[in-house]
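Below is one structure, written out as structure tokens, with a few remarks after it.
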Amino acid sequence: MTEFFTDVPQPVAFAGAPDTGGLRYQVYDPNRVVAGTTMAEHLRIAVCYWHSFHWPGSDIFGAGTFDRPWLAAGLDPIEAAMAKQDAAFEFFAKLGTPFFCFHDVDMAPEGATLAESRRNLDVMVERAAGKMAETGVRLLWGTANLFSHPRYAAGAATNPDPQVFAHAAAQVRHMLEATHRLGGANYVLWGGREGYEPLLNPRLRREAAQLARFLPLVAEHKRRIGFTGTLLLEPKPQEPAKHQYDYDCSTVLGFLERYDLADEYRVNIEVNHATLSGHSFHHEVAFALDHGLFGSIDANRGDPQNGWDTDQFPNSVDEMSLAVYEILRGGGFTTGGFNFDTKLRRQSIDRSDLFHGHIGGIDTLARSLLVAAAMLDDGTIERARDARYAGWDDGLGRRILDGEVDLAALADEAVAGDLDPRPVSGRQEWLENQVNRIIWSTPN
Ligand code: XLS
Ligand code: NI
Ligand code: NI
């Protein structure tokens, strides 16, 4: 096997390890114990195959800029896929991260027929199993790409043509089985084309019914093959479709409850999707945790000045700490983790740039974990939240929640008691200062 990342000849050193002159993490040390668990187990970091190895650095105005020899035209597709896989596993091993994620088409070339695509996937998945055994790298999740091929332009499960639905079903079946074969911890469905652009051609109710049929089919097959990983939907409000059905966590929850699917699916929350939906990432994480919907994270960041999914590497400890705090408060990940759904900027053409992007993002997560653990330990935020709702723990609040009073009884009681509740400060600025106090005082 030829080494690809020759400009990073040795594994990246973890924080605290002796300096060998190579690349190193400033904070991330997988074996460091924080709040009773190692950093590696808290963060469960994954590298994504698609942006890092399958994307040439192209944009809508220009061709690929990256040095990715396996993407060159005219190569034998399986040999090229093998070279790509070698480079990917070399990268995972040198970066020292425990997981990866992939779509079917990132790893294996599409054939002329579904049967040929499946054979290609089987060959590459078998080979990946060998690489995983060699390196110890595990699969956080697999997914089928149901959005790039022209057949999916009008959707996959929500397509007006049932043959497209069947084609998508075949792809998901193969990829779910491949994920199971590789011991994947989760399986993701992102519906970038499950939506619409003009309002003149779709039948919205029909499309919803189609999606509501697709999701239980996947869940049934999961059980049939004995896959015990978690099924995850990845909300995103738009891009590529103008209107996407899985707009945000709240919309997904409503859909799942409406079709009695809330026990089958959790969410994979992507930072930049959250911000595109008009929420903060912190909001989406807190909402999902409080509604039993939380599954996994696609870590990245958007650009505050433009409105698309730029998938930049996360670098704000201030923002990330708040989300990691909610995750810790909720008991941490079970099968999920932090997948780097991130891509380099188009001018970052050195092979080592892929390392710099991930190292910075992983250190941001590690540092956010230290801050979040300190916030939990400090307890100020939770005490303030408890105090704010103390009235509901007993007395009047308890009786209302327990259904002991109807509207008339409550009204009579309010009148008889001459109730005159006074506003209480929400203390937003004080709370923000408490967060900063902890961010600024937490040592590395
Ligand atoms: C695109 C999505 C995609 C999913 C996997 O915006 O983030 O990368 O994570 O299909
Ligand atoms: Ni994503
Ligand atoms: Ni995305």
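The values are calculated or read from the model by the stated rules, or taken from the named source; none is laboratory data. Because the structure is a prediction, the values reported are computed rather than measured. Note that each Cβ is placed from the backbone with ideal geometry, even for glycine, and that neighbours are counted across all protein chains shown. Note: areas computed on protein heavy atoms with side chains; ligands, DNA, RNA excluded. Shrake-Rupley method; radii C 1.70, N 1.55, O 1.52, S 1.80 Å.
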Taking amide H atoms as placed 1.01 Å from N in the peptide plane, list the residues 5 or more away in sequence, or in a different chain, whose amide H sits under 5 Å from that of Thr310. Asp303
Send over a whole-number figure in Å² for the accessible area per residue of region 275-385, probe 1.4 Å. 37
Over the chain: helical MRE at 222 nm, DSSP H runs n ≥ 4 each giving -39500 (n - 2.57), nearest 500: -14000 deg cm²/dmol
Karplus-derived HN-Hα couplings along region 284-298 (A = 6.51, B = -1.76, C = 1.60, θ = phi - 60°), whole Hz, x at Gly and Pro: 5, 5, 4, 4, 4, 5, 6, 10, x, 10, 5, x, 8, 10, 9
Considering only protein heavy atoms, what per residue accessible area in square angstrom results for region 1-58 with a 1.4 angstrom probe? 47
Protection proxy (average C-beta count within 10 Å per residue), highest first, orders 434-444, 364-374 as 364-374, 434-444
So what are the ³J(HN,Hα) numbers for region 135-140, from phi and the Karplus equation (6.51, -1.76, 1.60; θ = phi - 60°), rounded to whole Hz, Gly and Pro as x? 9, x, 6, 10, 9, 6
Determine, for each peptide in 415-423, 231-239, the mean count of other beta carbons within 10 angstrom over its residues, then list the peptides with the highest first. 231-239, 415-423
If one takes the longest principal axis of the Cα atoms in the chain, at what angle in degrees, from 0 to 90 and to the nearest 10, does the Cα axis of helix 204-225 lie? 70
Roughly speaking, what is the centre-to-centre gap between region 283-345 and region 57-78 when only Cα atoms are used, to the nearest Å? 29
Compute the FRET efficiency between Lys242 and Thr380 as 1/(1 + (r/R0)^6), taking r as their Cβ-Cβ distance and R0 = 60 Å, and round to the nearest 0.05. 0.90
In nm, to one decimal, how far is the modelled label at Ser280 from the one at Gln305, with both set 7 Å along Cα→Cβ? 2.2
GNM, the chain, Cα, under 10 Å: largest mean-square fluctuation among Leu146, Leu431, Leu328? Leu431
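For region 76-196, just say rounded, prolate or oblate: build the C-alpha gyration tensor, square-root its eigenvalues into a ≥ b ≥ c, call rounded for a/c under 1.5, and beyond that prolate if a/b exceeds b/c, oblate if not.
Taking the square roots of the gyration eigenvalues as a ≥ b ≥ c, region 76-196 is prolate.
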Between Leu232 and residues 5 or more places away or on another chain, the pairs with built amide H atoms under 5 Å apart involve Tyr187, Val188, Leu189, Arg266
Solvent-accessible area, 1.4 Å probe, carbon plus sulfur percent, for region 359-414: 55
With a 1.4 angstrom probe the carbon and sulfur portion of accessible area for region 1-127, in percent, totals 57
Just to check I understand the Karplus step: with θ = phi - 60° and J = 6.51 cos²θ - 1.76 cosθ + 1.60, what whole-Hz values come out for region 113-120, glycine and proline as x? 10, 4, 4, 5, 4, 5, 4, 4
Non-local residues with an amide H under 5 Å from the amide H of Ile269, with H modelled 1.01 Å from N and Pro and chain starts lacking one, are Gly295, Ser296, Ile297, Asp298
Measuring from a point 7 Å past the Cα of Leu419 along Cα-to-C-beta, which residues in region 343-384 have an amide N at less than 19 Å? none
Helix 77-95 vs. the chain, principal-axis angle (Cα, 0 to 90°, nearest 10): 50
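Report the chymotrypsin sites (Phe, Trp or Tyr not before Pro) located in region 1-66 that are in a DSSP loop and have at most 12 other Cβ atoms inside 10 Å of their Cβ, or state none.
Phe61
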Förster radius 30 Å - calculated FRET efficiency between Ala133 and Thr113, Cβ distance, rounded to 0.05: 0.45
Distance between the C-alpha centers of region 362-429 and region 109-153? Whole Å please. 48
Spin-label pair Ala208/Thr6, simplified geometry with 7 Å Cα→Cβ offset, distance in nm: 5.8
Would you mind classifying region 349-411 by shape? Square roots of the alpha carbon gyration tensor eigenvalues, ordered a ≥ b ≥ c; an a/c under 1.5 is rounded, otherwise it is prolate if a/b is larger than b/c and oblate if not. prolate
With at most 15 other Cβ atoms within 10 Å, longest stretch of the chain clear of loop GluC sites (Glu not before Pro) (DSSP): 4-403
Asp161-Ala15 pseudo-label distance in nm [points 7 Å out on the Cα-to-Cβ vector]: 5.2
Signed unit charges on C-beta, dipole axis of the chain, positive-most listed residue Gly155, Gln428, Asn339: Gly155
